[in-house]
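Only one structure is covered here, and it is reproduced in the block below.
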Amino acid sequence: MPVLDPLQTSEIDQFLSIGVSDRLRSTSRIICAERALLRQEAAMSGLEFTDEAARQLERLYFTRDIVGQRAETIRRLSLSRGERVLDVGCGPGFLCESMAESVGPDGSVTGIDISSDLIALCRRRNPPRWLSYVVGDATHIDEPDASFDVVACTQVAEYVPDVDSVLRETCRVLRPGGRGVFVATDWHALVWHSESADRMALVMKSWESHCAHPHLPRSLASRLVSAGFRFDGAAVFPILNLQWHDDAYSKGLAGLIQDFVGRKNDLPPGDLKKWYDELARLSEAGRYFFSSNRYIFRASKPDG
């Protein structure tokens, strides 16, 4: 696990100090906005999600793993006071709020998202004057050329069928010398222990179709270069769960998978229930293991 300095762990301390159940109760209004987000992602990827899936996704935002991922993304961005930052696919705005703290009142942060409901939610949290939110399409960003110093795009590009347009647009709005951070998951690289390896493989194969580019990290470096970036390197943020509990990313993920795969009817309902129930049983026996990586790509726009 990457080591974070005290400033970068402030968000983790804030959320974890009150316990996961209180976190969920205190942020229940996010559920409605998450439903809107899922509907928008469904429209992009040709998928359909239920309200239960929205509730599961809402829980993921406040697990220790995802709060830590946001802190690591902030560290990788290396923001300075006064910088202008764009968050492409800002969702409920938690990363934007952290970035606004880093750049301060002499800088600016703009979050764009295709969901008007999520943008309304972000605005209701009374952001500082240098943090603004706009409804926008990642493939056609309504901002002038060279208008930002930094662009962040986390767990968004893989859901957009025309991912190359997203990368070209993020490069266009960066000033020469500006930099970007792109975070994506390779779903085939996930490791999840099961006593029925064949059943686990079938479930995960079905789940991969929930996004347009389930293996995006494998081609992201070359895609960034083709879009006009200079590729500056990549790193991994690991998520490792050895227990099945409410503050584990994998438990919330399992609920999303059960809902999505069940709607596809790729497996008999009884097999899917056995898959889900086995995870708690493995944890009780001390044999639970889940590992997934977030791949963090750094790129910059060449001068001149």
How many residues of region 201-218 are without any contact (Cβ under 8 Å) to a residue 60 or more places away in the chain and among the hydrophobic types (A, V, I, L, M, F, W, C)? The answer is 4
Okay, helices (runs of 4 or more DSSP H) sitting entirely in region 11-113 with 1 or more residues that are modelled with pLDDT under 50, I get 20-26, 30-45, 51-60
So is Gly177 crowded, with 23+ Cβ neighbours inside 10 Å and of a type outside the set (A, V, I, L, M, F, W, C) or not?
no
Residue ID - surrounded by the most Cβ atoms within 10 Å (Cβ to Cβ), chosen from residues in region 74-103 that are closer than 13 Å to Leu131 by Cβ and β-branched (Val, Ile, Thr):
Val85
Regarding Phe297, is this residue in contact (Cβ under 8 Å) with a residue 40 or more places away in the chain and in contact with a Leu (Cβ under 7 Å, 6 or more places away or on another chain)?
yes
Conditions first: (1) more than 30 Å from Pro268 (Cβ to Cβ); (2) over 21 Å from the mean Cα position of the chain (by Cα); (3) in contact (Cβ under 8 Å) with a residue 60 or more places away in the chain; (4) assigned to a helix (DSSP H, G or I). Arg172 passes all but one, so which condition is the exception?
(3)
Sort out which residues of region 213-233 are surrounded by fewer than 16 Cβ atoms within 10 Å (Cβ to Cβ) and closer than 22 Å to Leu77 by Cβ, and write them in order of number.
Val225, Gly228, Arg230, Phe231, Asp232, Gly233
Exception for Asn126 within (1) modelled with pLDDT under 95; (2) part of a loop (DSSP other than H, G, I, E, B); (3) over 30 Å from Trp187 (Cα atoms); (4) in contact with a helix residue (DSSP H, G or I) (Cβ under 8 Å, 6 or more places away or on another chain) falls at (4)
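Here is a yes/no grid of residues against (1) over 28 Å from Thr170 (Cβ atoms); (2) at pLDDT 95 or above; (3) in contact with a Phe, Trp or Tyr (Cβ under 6 Å, 6 or more places away or on another chain); (4) not small (Gly, Ala, Ser):
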position: Ser219; (1), (2), (3), (4): no, yes, no, no
position: Ala227; (1), (2), (3), (4): no, yes, no, no
position: Ala235; (1), (2), (3), (4): no, yes, no, no
position: Asp246; (1), (2), (3), (4): yes, no, no, yes
position: Lys251; (1), (2), (3), (4): yes, no, yes, yes
position: Asp259; (1), (2), (3), (4): yes, no, no, yes
Taking region 139-159 and keeping residues in a loop (DSSP other than H, G, I, E, B) and either surrounded by fewer than 21 Cβ atoms within 10 Å (Cβ to Cβ) or modelled with pLDDT of 95 or more (or both) leaves Thr139, Ile141, Asp142, Glu143, Pro144, Asp145, Ala146, Ser147, Gln155
Do we have Lys264 as crowded, with 16+ Cβ neighbours inside 10 Å, farther than 30 Å from Asp149 by Cβ and basic (Lys, Arg) here?
no
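The values are calculated or read from the model by the stated rules, or taken from the named source; none is laboratory data. All values reported here derive from a predicted model rather than from experimental measurement. Quick reminder, even Gly has a Cβ in these numbers, built from the backbone with ideal geometry, and neighbours come from all protein chains shown.
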